[in-house]
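Just so you know, all these numbers are worked out from the coordinates, no wet-lab data involved. Predicted, not measured: the structure shown is a model, and the values here were computed from it. With ideal geometry, Cβ positions are generated from the backbone for all residues, glycine too; neighbour counts draw on all protein chains shown.
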Amino acid sequence: MIEFRKEFFANERDDNLNEIGKPTRRQDILGHVTGRSPYFDDHLFEGLLHIRCVRSPHHHARIRRIDISAAEKMPGVVRVLLGNDVPLNLNTLLSLLDFGLDDEPVLSETKVAYKGEPVAAIIAESEAQARAAVKMVKVEWEVLPHVLDVEDALKPGAPVVCDVYPTNKFIYHGKFDHQKLRYGDVEEAFARADHIVEGRYQMSPIEQAPMETCGAIAAPEVNDRYVCFTSTQGLFFSLGTAAKLLTMPSSRLHFVGGTVGGGFGGKVDSMHEPLAILGAMLTGRPCKYAWDREEEMQVGAPRGAERWYIKDGVARDGRILARKFTGYFDSGAYTRLSSYAIIKGVGHLPGPYTIPNVYADVFCVYTNRTPATAMRGFGITGVDFAIEAHMDKVAETVGMNPIGLRILNSYRDGDMKAHRRLAKNCALVECCQVVAEKGGVALSQESRSATSLTGGGGERARLPARTATDQNGAVSGFRGGNYARKGGGASGPQPAAMPVAAAVPAYASSQQRPAAPAYQPSATAPPAAPAPAAETARHGALRFSSLSGFRRR
Amino acid sequence: MAMHRGRGFASINYPIGMNLGGDPSQALVHSNPDGKFTVALSSIDLGQGMKSVTRQIAAETLGIPVADVYVDTADSDTGPHCMGSFASRGTHRVGNAVIQAAQEARAVMLEAAAEELEVDPADLVTDGHGNIHVKGAPSRSITTMAACQAAQFKQGRTVSGRGIFLIPLSEVDPDTGEMTPVSCFAHAAMLVEVEVDDETGEVSVLDMQSAYELGRALNPKLVEQQLIGGAWMGMSHVLWETTEPYYPDRSHGPVDFNHYLMPGPGDLAPHHISVLERPAPDGPFGGKGPGEMCANPVLPAVANAVYDAVGVRIDELPITPEKVLRGIRANGGARPKMRLARTR
């Protein structure tokens, strides 16, 4: 059952539009319900070849030798691919955003860091023949010690999962081994809080579970080009990744997609397109590379596990004075997109509440498991579970109605957030009130009369008088560089002008910050250049390697 | 042995679009010979309705019926760049690009109509049904088809438009985390009622009461399907799903849908949804993006409801019967809390 509560925020909308707001039937519904919409797997070319990968049976092992001689003689086998067949056999997905170091091979040549990591690819006339030949590839493994728990991976002497990041931690901005959030002084606030509430939360790894598994079909096209039909969630993202790994001008690639059988975040990793195109290049024939359900579930990157520790300092009346997070994202063996999700998660803290002191250290940790990637709510779902389970404990500790506690602490229009931007367009209070009313939960008069439009700003718009900063986790040997440096300055969209905004200093008073040489106050940063990040994403491979946001010296 | 009921609450907000920005999308719009319009994109329709929502946005902006618009996506030879369909960015980013492209095309269409009607284009309005007429004088009109044909076959104009939407990339301060993550947020609150069997540890979701604020609901049916499906996914995340049931141990990983557990039709709870619409100042017609956030409140709400029902805090997902039973035993029995009892 669904109802549209048009009475809320009615004066902010014009509800008399011709097409917007109408329950128009989908453009593609006829094709979908009659089973005629073409998906990538419907492009079954005459003479299509099938690619299956030889995968590591170990969590962590060195590759001593790969013997493909028996596999090559198997019926139907057209070609066996190894790492040295891939023109550029090292990538990190976010090199397209100029973020992170290349760390992951297409086909591993020296070692594997998770069970299921591909080391060779069989191209055969049929899928069954490819599967049979996979079994005939003989790999001599030297099994290495492995680590599966994020906190174990950070202990001294833990096995090094990925040589590019020898401490098993992603490096942020070339400067720290974690992403920091510092707003006010949580320790000072804990000391004067009436209650301290602590918790530990574990988000589990989860499969995106699309009906259509990930895959691509590539074929030689006329005029020395290759066409690639793909299930990708980002057409030019996958095209750019393929152009980079195949060291091929992007103009020689023709990608077709757009109708996908569910994605949920699991179809951005661009694992299939480069290998399918490489197969088409080396055999001159159409090639299909797709996961079966087992690969989709155990080799395809899941939503990664996250572990969160939360500590709150709470006043007797239920106001949260300080909140401290320590987070560990389990990235698995390679980075993929976890490093990005952490910055997103940090920008989201401390949840939809106005808390005057917030602190977070969040680590992107490498372990010997399937690399993690995006999934619906990436960077947010796990920490929201932690925050809201924790809010329930806070409510119990102070003896408050759990909905009343949320409304009391909710952010309102004009409040300063922990990432130092003003809140606007808020609506949490109203959502809480509607649910309380529907669920028959009695709220106090104060909770009932609260709104997102009122009660914010003023004192609540001020940055903390003092922010405690530190150099914990500083690293050396990495060149500086911000996630955003290549993309221009800091003049992202600012919150809409509000009466209080003008009174707010541009930054926490600088005299209270310890010297941080690399820091550039946003107010003095140069204005943004127009969209260079997008430019880099559309050009060929050669430019990528020289554009990494930070490099080892 | 007994069944225990409990209720749990959670509220969340959700950032719309890629964190820090820097994620452009483009659109091209043009009129075909008979005044129908094609919108060329490279955005991906995952089933969420990308093609349909951009089609409505184009029709609204052009001032023509939705039936006169077709969205063509995604062919890299014909569709301009789009970052992709993820991070709740599709409606917000692509929608804005389509508005810009459609506005440019509409301006040409109105200029062409003005030339045919011998009036000032500023005096013309569209009626949304395929006609252009002089403001206040509906009889002085021309069809959008005639205007587009005049433009292309008589006046020598292309009725076309280009659009891009980009929020420039924000810096992140390494020392404080200062950043501009996104430009708008969606919101949700959720009250869940569960029943816990203290003999088997099984948890059943009996009822979900929710409120979602997601900017303007551009297509209420598409919103409804997202919210219903998303809440199902949240319920599945909290009580059933994982690729590693004994994480961080990697054993017993499921390899098919017989072992990868998810709720079936019989496990679904009635879901009473209220939609609130506070338009995002920079969203297309105020739209935000309901796709991702709708799952999030369900996870903690169910965990909190289990605690309310039997007094067991389970802070490691998923909440399996095994964990519930172990918790009840550790407490020496179920300890209902009933902190969110219905008062009326």
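Structure data summary
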| quantity | calculated |
| --- | --- |
| Region B:178-266: mean projected area of Cα convex hull, nm² | 9.8 nm² |
| For the protein assembly as shown, share of DSSP beta bridges that run antiparallel, in % to the nearest 5 | 75 percent |
| Distance histogram for region A:217-283 (every C-alpha pair counted, 5 angstrom bins, percent rounded to whole numbers) | 4, 20, 33, 25, 12, 5, 1, 0 |
| Reach of residue A:6 by Cα under 13 Å, taken over aspartates and glutamates that are not fewer than 8 positions away in the same chain | A:14, A:15, A:430, B:213, B:277 |
| Reciprocal of mean inverse Cα separation for region B:25-165 (Kirkwood radius, Å) | 15.0 Å |
| Global geometry of region A:334-399, whether rounded, prolate or oblate, following the gyration tensor of its Cα atoms and the 1.5 cut on a/c | prolate |
| Computed E for residue B:258/residue B:326 - FRET, C-beta separation, R0 25 angstrom, nearest 0.05 | 0.50 |
| Proximal lysines to residue B:337, defined as alpha-carbon separation beneath 30 angstrom and excluding residues fewer than eight positions away on the same chain | A:311, A:324, A:393, A:438, B:323 |
| Region A:1-130: equivalent-ellipsoid semi-axes (sqrt of 5 x gyration tensor eigenvalues, Cα, Å) | 48, 25, 13 |
| Cβ-based net charge around residue A:316, under 13 Å, with every Lys or Arg adding one and every Asp or Glu removing one | 0 |
| Residue A:200 paired with residue A:163, simple spin-label distance in nm, labels 7 Å along Cα-to-beta-carbon | 3.5 nm |
| Expected 222 nm ellipticity per residue - DSSP helices of 4 or more, -39500 (n - 2.57), all of chain B, to 500 | -8000 deg cm²/dmol |
| Ellipsoid equivalent to region A:255-321 - semi-axes via the Cα gyration tensor, in Å | 46, 13, 11 |
| Peptides B:33-41, B:47-55 ordered by average Cβ neighbours within 10 Å, highest first | B:47-55, B:33-41 |
| Orientation-averaged projected area, Cα convex hull of the protein assembly as shown (nm²) | 37.8 nm² |
| Positive-end residue, region B:25-165 charge dipole about Cα centroid, Cβ charges, pick of B:136, B:122, B:96 | B:96 |
| Lysines whose Cα lies under 28 Å from that of residue A:288, excluding same-chain neighbours fewer than 8 positions away | A:73, A:111, A:115, A:135, A:138, A:244, A:267, B:51 |
| Contact order normalised by residue count of chain A, Cα under 8 Å, 6+ apart, percent | 17 percent |
| Relative contact order for chain B, counting Cα pairs under 8 Å that sit 6 or more residues apart, in percent | 25 percent |
| Charge dipole (region A:1-153, unit charges on Cβ, about Cα centre) - positive-most of A:81, A:124, A:107 | A:124 |
| Shape box of region A:94-231 [Cα atoms, principal axes, largest first, Å] | 71, 40, 33 |
| Additional length obtainable on full extension of the chain from residue B:2 to residue B:118, 0.36 nm per residue less Cα span | 33.6 nm |
| Residue-count net charge about residue A:248 - beta-carbon cut-off 11 Å; Lys, Arg +1, Asp, Glu -1 | +2 |
| Size of charge dipole - region B:25-165 - debye, nearest 20, with Cβ of Lys, Arg +1 and Asp, Glu -1, no other charges | 320 debye |
| Tensor-based shape of region B:96-255 (alpha-carbon gyration tensor, a/c under 1.5 rounded, otherwise prolate or oblate) | prolate |
| Charge dipole of region B:25-165 about the Cα centre (unit charges at C-beta), most positive-ward option of B:31, B:46, B:158 | B:46 |
| Sites residue A:14 and residue B:70 - FRET efficiency at Förster radius 25 Å, r taken between beta-carbons, to 0.05 | 0.40 |
| Estimated distance in nm for a label pair at residue A:444 and residue A:317, the labels positioned 7 Å out from Cα along Cα-to-Cβ | 0.8 nm |
| Pair residue B:139, residue B:335: separation of 7 Å Cα→Cβ label points (nm) | 8.3 nm |
| Averaged over A:5-18, number of beta-carbon atoms from partner chains that fall within 10 Å | 5 |
| Computed E for residue A:192/residue B:221 - FRET, C-beta separation, R0 45 angstrom, nearest 0.05 | 0.30 |
| Volume of the Cα convex hull of chain B, divided per residue and given in Å³ | 197 Å³ |
| Magnitude of the charge dipole, the protein assembly as shown, Cβ model with Lys/Arg +1 and Asp/Glu -1, debye to 20 | 1440 debye |
| Charged-residue dipole, Cβ positions (Lys, Arg, Asp, Glu), region A:185-309 about Cα centre, Debye nearest 20 | 640 debye |
